[in-house]
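Take a look at this one; I'll ask things after.
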Amino acid sequence: MGRTIPSFRQLLEIERLSWSIFKKELTSKPDKNVFDKIFENTKLYTSYLSNAVNPITLESVIMGSLFHNYKILLEIGKEKERDNFCDDITRENELKLKLLKDTKPQGKLLFDRTCKKWKGLVDSLHKDDRETLVKMVLEACSYNDEPCNKNINDEDSKSCITYLFFTSLLILQQKTINRIGKDGNIDNEMKHGKDVSLLDFMVKE
């Protein structure tokens with residue numbers, strides 16, 4: 001009899017268990033809870049991420065968690081800037097894609113490669129989430145053309161493309177969180193000008 005291929009949900013659990021030593025070494029219970037939250041957030045998109053057919057499970061964990069956090073930050077942005085928020089994400093994405101193509105060719109290349117890699121995920125999401133995911137990818141790929149130019153032209157570009165995208169997105173999310181923290185809308189610690197991180201948002205859910 002042939003061996004049973006594990007489901008994506010099982011692969012997520014295997015990945016989570018492979019980080020058990022890391023989790024054990026975390027110094028506080030809140031940090032441990034946040035670690036678990038990362039995988040819980042990813043599980044919200046299990047059926048969609050499985051369609052990406054990505055052999056590197058950790059990349060799917062990161063993508064799922066970043067997408068979930070991006071949606072949370074968008075909601076906070078809507079509340080803070082209700083009058084200026086663009087409700088027509090499709091039109092906004094079209095304009096951003098044209099601008100990316102016209103002014104940042106390396107960013108456009110990163111966008112194309114990222115969408116190709118995650119095509120299964122993009123195609124399987126319902127319309128609202130699909131448009132939000134494309135918006136997230138566009139913003140990350142528009143962030144800075146110089147790093148894109150240097151990294152995309154590397155000989156080992158195949159392996160660095162995903163991490164270039166993840167890094168750009170993490171920087172953008174952290175900048176958004178820092179900006180919100182300075183406005184004093186998260187908690188007292190942030191009101192006193194202390195830096196915050198994505199973990200602060202995840203703990204509060």
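With only Lys, Arg, Asp and Glu charged, each at its Cβ (+1 for the first two, -1 for the last two), find how big the charge dipole of the stretch 1-127 is about the Cα centre; round to the nearest 20 debye.
Roughly 340 debye for the stretch 1-127.
Let me ask something else about it. For TRP118, TRP19, what ranking results if the residue with the fewest other Cβ atoms within 10 Å of its Cβ goes first?
Details: TRP118 23, TRP19 14.
Ordered from fewest to most neighbouring Cβ atoms within 10 Å, TRP118, TRP19 come out as TRP19, TRP118.
Compute the signed sum of charges (Lys and Arg +1, Asp and Glu -1) over the other residues within less than 13 Å, Cβ to Cβ, of ARG16.
Its environment carries a net charge of +2.
So, one more: Among the listed pairs LYS43/LYS135; LYS29/LYS175; LYS71/LYS127; LYS43/LYS96, give every one whose C-alpha distance is greater than 23 Å.
Over 23 Å Cα-Cα: LYS29/LYS175; LYS43/LYS96.
In what sequence do HIS126, HIS68 fall when counting other Cβ within 10 Å, fewest first?
HIS126, HIS68
Please rank TYR163, TYR70, TYR48, fewest neighbouring Cβ atoms within 10 Å first, as an exposure proxy.
TYR163, TYR70, TYR48
Values quoted throughout were computed directly from the atomic coordinates according to the rules given, and no laboratory measurement underlies them. These numbers were taken from a predicted model, which means no experiment stands behind them. Note: ideal-geometry Cβ built from the backbone for every residue, glycine included; neighbour counts use all protein chains shown.
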